[in-house]
Amino acid sequence: SSLIFFLLLCFRTSLIFGLLLQPPHIQPSSITQPNIVLLMADDLGIGDVGCYGNNTIRTPNIDSLAKEGVKLTQHIAAAPLCTPSRAAFLTGRYPLRSGMDAINNYRVIFWNGASGGLPPNETTFAKILQQQGYSTGLIGKWHQGVNCKSRNDHCHHPLNHGFDYFYGMPFTLISDCQPTEAPEMDRVFRGKLWLYTQMIGLVTLTAALGRLTGLFPVHWKTLTCLAGFSLLFFISWFSSYGFIQHWNCIMMRNHEITEQPMVTDRTTSLILRESISFIKGNKHKPFLLFLSFLHSHTPLLTTEKFLGRSHHGLYGDNVEEMDWMVGQVLDAIDDEGLKNTTLVYFASDHGGWLERQEGNRQLGGWNGIYRGGKGMGGWEGGIRVPGIFRWPGVLPAGTVINEPTSLMDIYPTVVHLAGGVLPQDRVIDGRDVMPLLRGAVEHSEHEFLFHYCGIHLHAVRWHQKDSGAIWKAHYVTPIFHPPGAGACYGKGICPCFGEGVTHHDPPLLFDLSRDPSEAKPLSADTEPLFDAVIRQIGRAVEEHRRTLTPAPEQLSLYNVVWKPWLQPCCGTFPFCWCDKETDN
């Protein structure tokens, strides 16, 4: 019996010693209010990242996030363009609920001097985390508007939406910000305006010559009116479109403009410096950092260190530089000893821009096996994006989840982690994904996801959990140009309505679990469940529409046009110029 007692004692001692040597597995409840770092790329395709199948563009830092955390393979943006997708991300709500989806062809905020933007009565996750004691910062792109009624009311500004600190572009990066690049913003419309100006000018010149030579009589008053109209027409559009670099390409720190126009050569280094500074300056209390990259949107600002490094030209160089920036931010988190108390999230706002080309140069991203791209509300390539979470000790490393999730899910997830409460006076479409990420539940809470193009419902996804099928019904699809090309190369971006789309009755139906590329539409002849699935999705659409309430249209024609009295200006308007970074 003494021998048995001795053996039991040895076993117990060794067991306790072994447990002490095990790395601690941290429960979320043991870390109250983790730091939260949200990294969002701009226009990055899901096929541009190594851990999602790209073997030629090097993204070791993003890949390491997936290796150390959880990778989502069916992570869906709520819209296929910047402004509405980011509005949904910030509010956890489909963008048409806040009026941030378009009824016309102007589907994003077009000017810093426009009156549309994220409404002040919307509650962002930043606002709730701010109320929970977090330091909240946004570095990089905003693109949710600036002012409502006056130049300095800042009603749409990040600081009015829960961020304590903002440094970056209130607008979005466009090729017009780089004088050496071809214009990007409203290129076709601008071409028409210039043509009309030349035609009016030619008529005025012909009338003047006729008067001077006596070939045909023209009264001086008529000639004066023609000349005045010609001049006014030119000023009416050139005062905005002729100075896009000054009006839209600006950098701000909080409410102060620091560069107008921005000096693009140093933008990357300044955004990285500000991000690391925010982490270091707020390491002693919970913080939320939303690093909203300007990469990989055209004009693809890339420092000399990364030029020519990739196998995919300037676009690949730009993606590799962004990955390096991700690594620098992760290193800063590690250096401050914050790795185990920080949830890091990486995603793109929507799919890659297939049509963005200059000559033989492809300047937009790649969406892997998925059909379509940026601007296409229904096809997977426009809305399926990378989605990666890392939280060592809490989230199981090297996990891959194939369940449908949404960018809108970030809202309830971070609110719950911060100890906040979701707003009870509005519909929140996102779902807390922490139980799914930790493996506590098997399935996503999303049964249906609705895919809009502007305010137009293009497709619906149904996750039939009992069978594992993921049905997708397309009610509207864009007409590719040229036919069969896979994108709208003749238009620059696919439309949501009108002659550029096809309406399907019955809808096109795919099972994404068997056909993720949406290559072979099903029919009643090939799929026994076809009619039942279409009816079930139809009922879900009717139920969803009953939850919608009218909201002021933030992207109406009036709200998207440039208004001089709303234009942010660091001088005396219209003499807006400053470079406070050089002064500092």
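The values are calculated or read from the model by the stated rules, or taken from the named source; none is laboratory data. These figures come from a predicted structure and were not determined experimentally. Cβ: placed from backbone, ideal geometry, glycine included. Neighbour counts: every protein chain shown. Just so you know, the surface numbers come from the protein's heavy atoms only, side chains and all, with ligands and any DNA or RNA stripped out. Shrake-Rupley method; radii C 1.70, N 1.55, O 1.52, S 1.80 Å.
Measuring between their Cα centroids, the stretch 344-400 and the stretch 520-584 lie 18 Å from each other. The 3J(HN,Hα) values that the Karplus relation (6.51, -1.76, 1.60; θ = phi - 60°) gives for the stretch 145-160 are, in residue order, x, 10, 10, 10, 10, 9, 4, 10, 7, 6, 5, 9, 5, x, 5, 8 Hz. Gly and Pro appear as x.
Note that the stretch 280-372, at 25 °C in a medium of 0.890 mPa s, gets a Stokes-Einstein diffusion coefficient of 161 µm²/s from its Kirkwood radius over C-alpha pairs.
The label-point distance for Ser467 and Asp583, in a model that sets each label 7 Å from Cα toward Cβ, rounds to 6.6 nm. Legend: calculated FRET efficiency, Trp220 to Val561, from the Cβ-Cβ distance at R0 = 35 Å, rounded to 0.05, equals 0.50. Accessible surface for Val427 stands near 60 Å², nearest 10, in the context of the full protein assembly shown (1.4 Å probe). Subtracting the Cα-Cα distance of Ser277 and Thr180 from 0.36 nm times their residue separation leaves 31.8 nm of extension gain. FRET efficiency for the Glu358 to Phe573 pair, using the beta carbon distance and R₀ = 41 Å, is estimated at 0.80. Taking a ≥ b ≥ c as the square roots of the eigenvalues of the alpha carbon gyration tensor, the stretch 187-242 is prolate, as a/c is not under 1.5 and a/b beats b/c.
For the chain, the share of DSSP beta bridges that are antiparallel, to the nearest 5, is 55%. Using all pairs of distinct alpha-carbon atoms, the Kirkwood hydrodynamic radius of the stretch 375-486 works out to 16.1 angstrom.
Computed from the Kirkwood radius of its Cα pairs, the Stokes-Einstein diffusion coefficient for the stretch 520-576 at 37 °C and 0.692 mPa s stands at 198 µm²/s. Note that the stretch 506-517 has calculated 3J(HN,Hα) couplings of x, x, 5, 10, 10, 10, 5, 5, 10, 9, x, 7 Hz, one per residue in order, obtained from phi through the Karplus relation 6.51 cos²θ - 1.76 cosθ + 1.60 (θ = phi - 60°); glycine and proline are x. A 1.4 Å probe over all protein chains sorts His312, His456 by accessible area into His312, His456, starting with the largest. For the stretch 113-219, the alpha-carbon coordinates run over 79, 32, 18 Å along the three principal axes, in decreasing order. Working note: 222 nm ellipticity from helices only, DSSP H runs with n ≥ 4, each -39,500 (n - 2.57), summed and divided by the residues of the chain, gives -9500 deg cm²/dmol to the nearest 500. The per residue volume of the convex hull around the alpha-carbon atoms of the stretch 102-165 is 95 Å³. For the stretch 36-50, 3J(HN,Hα) computed residue by residue from phi via the Karplus equation (6.51, -1.76, 1.60; θ = phi - 60°) reads 10, 10, 10, 10, 10, 7, 10, 6, 7, x, 5, x, 8, 10, x Hz, glycine and proline entered as x.
With Cα atoms as the point set, the radius of gyration and Dmax of the chain evaluate to 26.6, 131 Å.
Which FRET efficiency value, to the nearest 0.05, is calculated for Ser269 and Ala524 with the Förster distance at 56 angstrom and r the Cβ-Cβ distance? If you can, show how the numbers build up before the last one.
Numbers: r = 59 Å, r/R0 = 1.05.
The computed FRET efficiency comes out at 0.45.
As a length-normalised measure over Cα pairs under 8 Å and 6 or more apart, the relative contact order of the stretch 187-242 settles at 38 percent. Across the stretch 446-578, the volume of the C-alpha convex hull divided among the residues equals 195 Å³ per residue.
From the Cα gyration tensor of the stretch 133-173, with a ≥ b ≥ c the square roots of its eigenvalues, which class applies: rounded if a/c is under 1.5, or else prolate if a/b is larger than b/c, or else oblate? Oblate. Taking all protein chains together and rolling a 1.4 Å probe, Arg384 ends up with roughly 20 Å² accessible. Residues whose amide H falls under 5 Å from that of Cys578, counting only those 5 or more places apart or on a different chain, are Gln260, with hydrogens built in the peptide plane.
Using alpha carbons only, the radius of gyration of the stretch 192-349 set against its Kirkwood radius gives Rg/Rh = 1.29. A run of the chain free of exposed loop cleavage sites, with GluC sites (Glu not before Pro) counted only in DSSP states other than H, G, I, E and B and at most 14 other beta carbons within 10 Å, reaches its longest extent at 1-441. Proximity of backbone amide H atoms, modeled 1.01 Å from N, is registered between Ala459 and His451, Tyr475 at under 5 Å, excluding neighbours fewer than 5 places apart on the same chain.
With a cut-off of 15 Å between beta carbons, the residues surrounding Thr502 carry a summed charge of -1, where Lys and Arg count +1 and Asp and Glu -1.
Placing +1 on the Cβ of every Lys and Arg and -1 on the Cβ of every Asp and Glu, with no other charges, gives the stretch 93-206 a dipole of roughly 220 debye about its Cα centre. Amide H contacts under 5 Å for His350: Asp43, Leu44, restricted to partners 5 or more places along the chain or on a different chain, H placed in the peptide plane at 1.01 Å from N. Counting heavy atoms of the protein chains alone, Thr204 has an accessible area of about 20 Å² for a 1.4 Å probe.
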